[in-house]
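Before any comments, here is the structure.
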Amino acid sequence: MQKSYLAEVLEDIHSLQIKFGEVAGAAFAVELKMRLIAQLSKPVQSKLKELKLKQEYWECDLQHLDSIIETLFFHVLTAEERRALKAFRIPRDKLIHSDFAAVMDVLIDSDSGRNALNKGNMLEALGNLQKSQALEKLHCQANLASTVLDKIICNFGTD
């Protein structure tokens with residue numbers, strides 16, 4: 001491979017690094033908001049205790065918080081908002097745990113149906129990620145989930 005080609009590849013990776021950072025930051029904000037809801041809500045804390053987890057709300061597995069928040073705040077969320085939270089669940093978990101291959105398995109190009117990651121060919125995976133806009137879609141999912149959690153958090157406020 002020529003050095004000029006590798007320089008272009010590195011430039012593309014740098015571009016993806018920025019996009020991954022934006023998505024990871026948005027995913028982290030979603031987790032932080034879920035844990036804030038747990039802190040503000042005694043019913044969430046009670047439900048967690050019923051599960052007999054060894055961890056408190058600030059350190060427990062997010063899947064527990066997810067299902068409890070969805071159950072307890074079902075009445076304040078629209079069907080679309082509940083779908084938004086569910087749609088972001090798996091990619092969020094994979095992204096937060098830095099499981100690159102698993103994140104790529106979740107990011108499927110809806111136009112071609114091809115997986116973004118061709119295991120064994122990073123150059124092709126890079127090209128697929130650039131073309132598919134998968135990270136941008138994931139970022140939008142994160143922002144939507146974050147907005148839904150904002151709605152729940154605002155219900156705790158008083159005037």
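The values are calculated or read from the model by the stated rules, or taken from the named source; none is laboratory data. Predicted model, so just to flag it, every value in this text is computed and none were measured. Counting neighbours? That spans all protein chains shown, and the Cβs are built from the backbone with ideal geometry, glycine included.
When the stretch 60-102 is filtered for residues that are modelled with pLDDT of 90 or more and surrounded by fewer than 13 Cβ atoms within 10 Å (Cβ to Cβ), the ones remaining, listed by number, are 71, 74, 75, 76, 78, 79, 80. Being surrounded by 14 or more Cβ atoms within 10 Å (Cβ to Cβ), at pLDDT 85 or above, among the acidic types (Asp, Glu) and more than 19 Å from the chain's Cα centre (by Cα), is that true of even one residue in the stretch 11-30? Yes, the stretch 11-30 contains a residue that is surrounded by 14 or more Cβ atoms within 10 Å (Cβ to Cβ), at pLDDT 85 or above, among the acidic types (Asp, Glu) and more than 19 Å from the chain's Cα centre (by Cα).
Return yes or no: is residue 39 of a type in the set (S, T, N, Q), part of a helix (DSSP H, G or I) and surrounded by 12 or more Cβ atoms within 10 Å (Cβ to Cβ)? Yes; evaluated as a whole, the condition is true for this residue. Remark: pairs (first residue in the stretch 125-140, more than 11 Å from residue 16 (Cβ to Cβ); second residue at pLDDT below 75 and among the charged types (D, E, K, R); Cβ separation under 6 Å; 6+ apart in sequence or on different chains) = 132/109. Within the stretch 34-55, residues that are among the acidic types (Asp, Glu) reach no partner that is surrounded by fewer than 11 Cβ atoms within 10 Å (Cβ to Cβ) and in a helix (DSSP H, G or I) with beta carbons closer than 6 Å at six or more positions or on different chains.
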